[in-house]
Amino acid sequence: MSHQELPKVDNKRVIRLIPPVLTQDRIVGFKAGLRPFRRGGVRVEEEKIGNKIFFHNYGHGAGGVSVGYGYSTLAFSKFASKYHDAHDAKKVAVIGSGYIGLFTSLLLRENGYVVTIYADKTIKTSGFSYPDSDDKTLPTTSQIAGGFWVPYGYDFNCTAEVREIHELACRLSFAFFEKTLHHKNMRGVSYKKTVHVDSIDYIKRSVPNGLIKDYEDVKVTFNGVDLIDAHYFTTLLIDGDLFLNDLKQECIRKGVQFVDKHFNTVNEILSLEENFIFNCTGCSAGKLFNDPNVYPLKGQLVAFKPTPGVDYFFRTQIENGAFVSFYPQQDVLPVGLVEQKDDWDPRPTVETCNRIAQNAIKYFEKYNTAPKL
Ligand SMILES: Cc1cc2nc3c(=O)[nH]c(=O)nc-3n(C[C@H](O)[C@H](O)[C@H](O)COP(=O)(O)OP(=O)(O)OC[C@H]3O[C@@H](n4cnc5c(N)ncnc54)[C@H](O)[C@@H]3O)c2cc1C
């Protein structure tokens, strides 16, 4: 059993966890992506450029997996409530094939619109890329995401109105994933126990009441001897390699067309045949649409071979100030966590990946020896 209960200490439950086996020879790959942060919050807005109507939906920062479906629903509703009867609105273009573009396309298709996704990156079998490589076929940021359902790391608290939209987006998104889990129509969504050792104030500030379940202060131990105070709760984990592949297949099954295309400028987008265009280009939206409020928070992850029984999300801050966290995905155990502001290089870098790996290996090495009983 992966979460074994021991006698209480200081009136707190003590939970024994299987530690991940993190050694250099168990590293199987690297991931990097640009979290699309936007000052002022997610831009869900209509804009007329030339003779086209754009619906923008970008700026979800470090929370796009968690809130993407909700914001896509809001963008879709803005469009459908106004243009439902417009004769030229039956055929729409979606630019971008990350979480936001795929969710938007699914919603449009389910409501009868003819949808083409144009994107220069699409979902791949795995989200790996290689340090400092010239590989042009990098995965989308969406496929990099650890997939921890906590809607933070974007600007959701700047005004009361933005906060209200955030709460609605959270609830719509959470309900979507719970429905997916219930219907089992797409893989990769599961409830996961979270063991969070450092402060959870950011979670308290961002998660609307009732969405995170079974919260408890506990002690955890990896070796039966050392006890660590931790916050323990249940949230969802979305394993991008599985879920995004199934989401893309669901879009294809429902008739969404995919076109591999890169746009250098808005003028190139204006030459599309569709008159209604959803802009779901993540970080690139800032440059394409001249929005100075957008910048990346680059993230990198080192993927280790999974350890049987390690089926919980973990996060702590270590002595040197860095964070060590891991996400229990099906085929790999990605370990992070870094945030590099305004770094536009979407590739992993040797220096950062080494640092992430060494921090995690060092933190767990004392638990990877024979257990003391
Ligand atoms: C390391 C890491 C960990 C993360 N962990 C979490 C997490 O645990 N929980 C969470 O909620 N979120 C997490 N995130 C954040 C999440 O990944 C993002 O918020 C989300 O993926 C943004 O989705 P998107 O569709 O807007 O952007 P993207 O996935 O970047 O998709 C943009 C799309 O637009 C297309 N595009 C862009 N420019 C052009 C162009 N010029 N021409 C043609 N196509 C273009 C791209 O090809 C791509 O298909 C994490 C991110 C990182 C990097």
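Computed quantities for the displayed model
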{"read-out": "Any hit, the range 49-68, residues being over 30 Å from Thr137 (Cβ atoms), assigned to a strand (DSSP E or B) and not aliphatic (A, V, I, L, M)", "value": "no"}
{"read-out": "Tyr118 more than 20 Å from Val42 (Cβ to Cβ), in contact with a strand residue (DSSP E or B) (Cβ under 6 Å, 6 or more places away or on another chain) and within 8 Å of the ligand (Cβ to nearest atom)", "value": "yes"}
{"read-out": "Among the candidates Gly70, Gly64, Gly40, Gly50, residue that is near the ligand (Cβ under 9 Å from one of its atoms) and among the small types (Gly, Ala, Ser)", "value": "Gly64"}
{"read-out": "Contacts under 9 angstrom Cβ, first residue in the range 159-188 being within 15 Å of His60 (Cα to Cα), partner of a type in the set (D, E, K, R), 6 or more apart", "value": "Val162/Asp155"}
{"read-out": "Checking Ser271 against (1) open to solvent by 50 Å² or more (accessible area, probe 1.4 Å); (2) of a type outside the set (A, V, I, L, M, F, W, C); (3) within 11 Å of the ligand (Cβ to nearest atom), the condition it does not meet", "value": "(3)"}
{"read-out": "Number of the condition not met by Lys287 [criteria: (1) open to solvent by 10 Å² or more (accessible area, probe 1.4 Å); (2) in contact (Cβ under 8 Å) with a residue 24 or more places away in the chain]", "value": "(2)"}
{"read-out": "Subset of the range 218-246 [under 26 Å from the mean Cα position of the chain (by Cα) and more than 30 Å from Ile100 (Cβ to Cβ)]", "value": "Ala230, Tyr232"}
{"read-out": "Extreme residue, nearest to Met186 (Cα to Cα), among residues of the range 74-115 that are surrounded by fewer than 19 Cβ atoms within 10 Å (Cβ to Cβ) and among the polar types (S, T, N, Q)", "value": "Asn111"}
{"read-out": "Unique match (being open to solvent by 10 Å² or more (accessible area, probe 1.4 Å) and among the aromatic types (Phe, Trp, Tyr)) among Tyr58, Tyr118", "value": "Tyr118"}
{"read-out": "Residue among Thr137, Thr125 that alone is in contact (Cβ under 8 Å) with a residue 12 or more places away in the chain, surrounded by fewer than 17 Cβ atoms within 10 Å (Cβ to Cβ), in a loop (DSSP other than H, G, I, E, B) and within 14 Å of the ligand (Cβ to nearest atom)", "value": "Thr137"}
{"read-out": "Entirely in the range 262-373, the strands (runs of 3 or more DSSP E) that have 2 or more residues that are of a type in the set (Phe, Trp, Tyr)", "value": "276-279, 294-304, 312-317, 323-326"}
{"read-out": "The listed residue being within 30 Å of Asp88 (Cα to Cα), in contact with an Asp or Glu (Cβ under 9 Å, 6 or more places away or on another chain) and within 14 Å of the ligand (Cβ to nearest atom), out of Lys248, Lys261, Lys287", "value": "Lys261"}
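Residue-by-condition table, conditions (1) more than 16 Å from the chain's Cα centre (by Cα); (2) more than 25 Å from Asp331 (Cβ to Cβ); (3) not in a helix (DSSP H, G or I):
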{"site": "Ile165", "(1), (2), (3)": "yes, yes, no"}
{"site": "Ala169", "(1), (2), (3)": "no, yes, no"}
{"site": "Ala175", "(1), (2), (3)": "yes, yes, no"}
{"site": "Thr180", "(1), (2), (3)": "yes, no, no"}
{"site": "Ser199", "(1), (2), (3)": "yes, yes, yes"}
{"site": "Lys204", "(1), (2), (3)": "yes, yes, no"}
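The values are calculated or read from the model by the stated rules, or taken from the named source; none is laboratory data. Predicted model, so just to flag it, every value in this text is computed and none were measured. Please note: Cβ atoms are built from the backbone with ideal geometry, for glycine as well, and neighbour counts cover all protein chains shown. In case anyone asks, the SASA skips ligands and DNA or RNA and just uses the protein heavy atoms, side chains included. Shrake-Rupley method; radii C 1.70, N 1.55, O 1.52, S 1.80 Å.
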